[in-house]
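Beneath this line is the structure, given in structure tokens, with notes to follow.
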Amino acid sequence: MQVEIKAGPAFAYGEVTLPPNGSVRVESGAMAMQRGDVAVNTSTQGGFLKGLKRTMGGESFFVNDFTAGAGGGVVGVAAALPGDMVLVDLSQGQTIMVQSGSWIASDTSIDVDSKWGGGKMFFSGEGLILLKCTGNGQVLLSSYGAILEANLAQGEVMTLDTGHVVAFDDTIAYSVRTAGGWKTSLLGGEGLVTDFTGPGRIWMQTRSTPDFISWLVSVLPTSRS
């Protein structure tokens with residue numbers, strides 16, 4: 001994909017330029033603009049079960065493939081929440097694991113599937129499914145807040161609050177634990193954290209969507225008020 005990311009890191013917007021007959025796969029509802037000779041085809045990208053599994057990972061049942069005609073075209077994409085975008089290169093069948101809601105677009109050569117996260121993700125409070133992006137091409141990811149990238153060496157550990165995770169290479173191992181003793185977990189507001197062990201790349205967001213939702217709920221008026 002030929003992608004230009006504009007207006008980041010607060011209100012990032014991705015502009016994908018398509019050559020003649022070129023295509024891009026976009027999360028349902030993420031298209032903000034299109035120009036030129038561009039047609040759209042909506043599908044489950046792999047059948048009913050694959051679409052259903054993707055919804056369990058926090059994405060839409062359907063995806064949209066935008067394909068340019070002989071004159072080429074442009075497709076603009078935007079995420080639901082304010083934040084950043086990053087373009088990730090995958091080659092030789094590489095795989096990245098993506099937290100729900102962060103995948104926004106990719107080359108049609110990238111397979112976007114879901115993966116069982118097991119009890120680790122269940123106890124972290126973030127659901128059981130991660131999106132699994134595999135193939136040769138590029139993936140456009142979005143975040144709430146700015147995106148920071150780190151490259152972990154073999155055996156190097158980085159600990160993140162799960163709400164700040166955007167994506168990571170599948171070469172990275174991860175495990176969930178309490179942030180400290182019972183006092184820290186219950187009274188300190190930290191709860192559970194995730195340890196990521198290299199080698200591989202990891203992308204984090206500077207704001208937490210669950211924290212934002214919790215704050216929003218706390219200030220919204222209730223029927224009693």
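Would you please give the residues with an amide H less than 5 Å from that of Q34, counting only those at least 5 places away or on a separate chain, with H modeled from the backbone geometry?
Long-range HN contacts for Q34: G76.
Starting from 0.36 nm per residue, how many nanometres of slack lie between I5 and D37 once their C-alpha separation is accounted for?
Working: separation 32, 0.36 × 32 = 11.52 nm, distance 2.14 nm.
That pair, I5 and D37, stretches by 9.4 nm at full extension.
Could you sort 107-113, 28-34, 5-11 so that the peptide with the highest average Cβ count within 10 Å comes first and the rest follow in order? It would help to have the intermediate numbers written out before the result.
Details: 107-113: 18.3, 28-34: 15.6, 5-11: 13.9.
With the highest mean Cβ count within 10 Å placed first, the list reads 107-113, 28-34, 5-11.
With label points built 7 Å along Cα→Cβ from the Cα atoms of L148 and T222, find their separation and express it in nm.
Placing both labels 7 Å beyond Cα along the Cβ direction yields 3.5 nm.
How far, in nm, would the chain grow between A179 and L81 when pulled straight, counting 0.36 nm per residue and subtracting the alpha carbon separation?
32.5 nm
Rule-based calculations on the coordinates, nothing more; no lab input. From a predicted model like this one, the values you see are computed outputs, not experimental measurements. Cβ: placed from backbone, ideal geometry, glycine included. Neighbour counts: every protein chain shown.
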